[in-house]
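Worksheet for the structure shown next.
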Amino acid sequence: MASISQQPNRGLELNVANVSHQFYLHGKTLPVLNQVSLNVRAGEFVALLGPSGCGKSTLLRLVAGLDLPTSGDITEDGVALVAPAPSRVVVFQDPTLYPWRTVYDNVGLGLQTGKKVPTDARSRIEGILQRVGLTEFATAWPSQLSGGMAQRAALARALINHPRLLILDEPLGKLDSLTRIHMQRELVDLWREQRFSALMVTHDVEEALLMANRVIIFSPRPAAIIDTIVVDLPYPRRRSDPRLTALRTQALALLGAESTLEEPT
């Protein structure tokens, strides 16, 4: 497994305190988040589960600094979070690669957030491409990539600056099942290697339990935290592990979905 040349940074500590948020739709107030408080410790992987449309992705936008909460506070390492910053990088469900740039140039865009490109840019780009298994596709265009390859390129672009918090908004949602399983393992390996903090939204209960240290369960909109599941299992985790199966049953029960999986009598 290839390593990245620069020594990884420890992740940042994220604190969300009593955050509420609302939108204005057709002249009416639409509450989205209701008094949400959560903490992501430095180097921790936290997953968010909840019904579709409950406000999970809105919370990620607030954590990324793309929006400000209606009320409450968000801090990173104790400092108020009020705008986007290189320490926090978002990976969306769609890879959002520029079609007129090669894979190499798309990944290199991650280094152009500052005023000048670092002198070791070439070695860093080549290193991260090797790490995500895209060395042979460095000169390929996005249209020539499979869905899994495109998402790996997006991850490489996000990780090349060694962010301290990786914000993942359903990053594997559009992949086929086999590619998704591979990418789950790859993401966990990258997180364990670089030790960034991670906050991920997913609708896949098993995915959350396979990847995260803690899984936070949200209610329907306006989202409030129902419960937190601590996943105290060693990596790599196996789907067949009965302990993981028990946690899956617990999560589904909290989401109100367990009864839909029962066999008819």
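Each value in this text was obtained by applying a stated rule to the coordinates, not by laboratory testing. Just so you know, these numbers come straight off a predicted model, no measurement behind them. Every residue, glycine as well, gets a Cβ built from its backbone with ideal geometry; the counts of neighbours run over all protein chains shown.
Quick look at the values:
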| item | result |
| --- | --- |
| Diffusion constant of the chain at 10 °C, which comes from Stokes-Einstein with the Kirkwood Cα-pair radius and 1.306 mPa s, µm²/s | 82 µm²/s |
| Point-to-point label distance, residue 246-residue 94, nm (Cα→Cβ direction, 7 Å offset) | 4.3 nm |
| Peptide ranges 188-201, 151-164 listed from the most packed, as the mean C-beta count within 10 angstrom indicates | 151-164, 188-201 |
| Sites residue 138 and residue 192, calculated FRET efficiency, Cβ-Cβ separation with R0 25 Å, nearest 0.05 | 0.50 |
| For peptides 66-72, 229-235, sequence by mean Cβ density within 10 Å, most packed first | 66-72, 229-235 |
| Added length on full extension, which subtracts the Cα-Cα distance from 0.36 nm per residue, residue 174 to residue 41 | 45.0 nm |
| Percent RCO, i.e. relative contact order, over region 8-74, from Cα pairs under 8 Å lying at least 6 residues apart | 41 percent |
| Cβ-defined net charge surrounding residue 152, 11 Å radius [Lys, Arg +1; Asp, Glu -1] | +1 |
| Selected from 53, 40, 139, residue furthest toward positive end of dipole (the chain; charges at beta carbon) | 139 |
| Neighbour-count ranking [beta-carbon atoms within 10 angstrom, fewest first] of 143, 20 | 143, 20 |
